[in-house]
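Worksheet for the structure shown next.
The values are calculated or read from the model by the stated rules, or taken from the named source; none is laboratory data. Fair warning: this is a prediction, and the values are worked out from it, not measured in the lab. We place every Cβ from the backbone using ideal geometry, glycine too, and count neighbours over all the protein chains shown.
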């Protein structure tokens, strides 16, 4: 599907936010639909079936969380990626968003270039059938391409051993979600490989060094999460 045919539904109860986002995305060639509350967003999603939906978390009539649940709970719209706009940076808000079915989130105030970059990254994860494929991720000055095993940071290509790359890609797959050590071991190293917790810590330390000690946070007694502003 060409960029000129891609459509985005934006739902926010603040008129100026709708105008700013719509203007910037129209300049990028997207077809834009808008709604100013959660109920209208759900109806518009069912009617138009856009390629991507941007939902503000706090909206009248129905908040973004419930709107996302209804969209993801409908067979016709369940595969449409949803990106949350939120002024709430607390961890519980981020986790609640992913539990509701969101594919990504971005914090207010909105930075148009960051938002556009995030949208393009989310849309690139979709194959021709509309199913999400988490193969390319972009976060401001960091991008991860799982197809090419390539990490770029601040315009530089990083040399990253396979396990470091796989660990980073696993954490990036759900920004804001805390992964336990057990989940990391099972998904990155597998059940058939004997790995101790210290191995995870060493890999995390090396990744942090290469990323200027940004993005990866430790949740004491639980595990790690990928976080960005």
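Where in the range 139-229 are the helices (runs of 4 or more DSSP H), entirely inside, with at least 3 residues that are within 19 Å of the chain's Cα centre (by Cα)? Quick ask: steps written out before the conclusion?
Working: elements: 162-172, 181-184, 197-210.
Of the helices (runs of 4 or more DSSP H) lying wholly inside the range 139-229, those with at least 3 residues that are within 19 Å of the chain's Cα centre (by Cα) span 162-172.
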Completion exercise
Just one listed residue, out of 10, 17, 21, is in a helix (DSSP H, G or I), in contact with a strand residue (DSSP E or B) (Cβ under 6 Å, 6 or more places away or on another chain) and touching a residue at least 24 places away in the same chain (Cβ under 8 Å), and it is 21
Exercise for the section: Could you tell me whether residue 229 is loosely packed, with under 15 Cβ neighbours inside 10 Å, out of contact with any strand residue (DSSP E or B) (no Cβ under 9 Å at 6 or more places or on another chain), within 24 Å of residue 8 (Cα to Cα) and modelled with pLDDT under 85? Expected result: no
Practice task
Return a yes/no flag: does the range 185-193 have any residue that is in contact with a helix residue (DSSP H, G or I) (Cβ under 9 Å, 6 or more places away or on another chain) and under 24 Å from residue 121 (Cβ atoms).
Solution key: yes
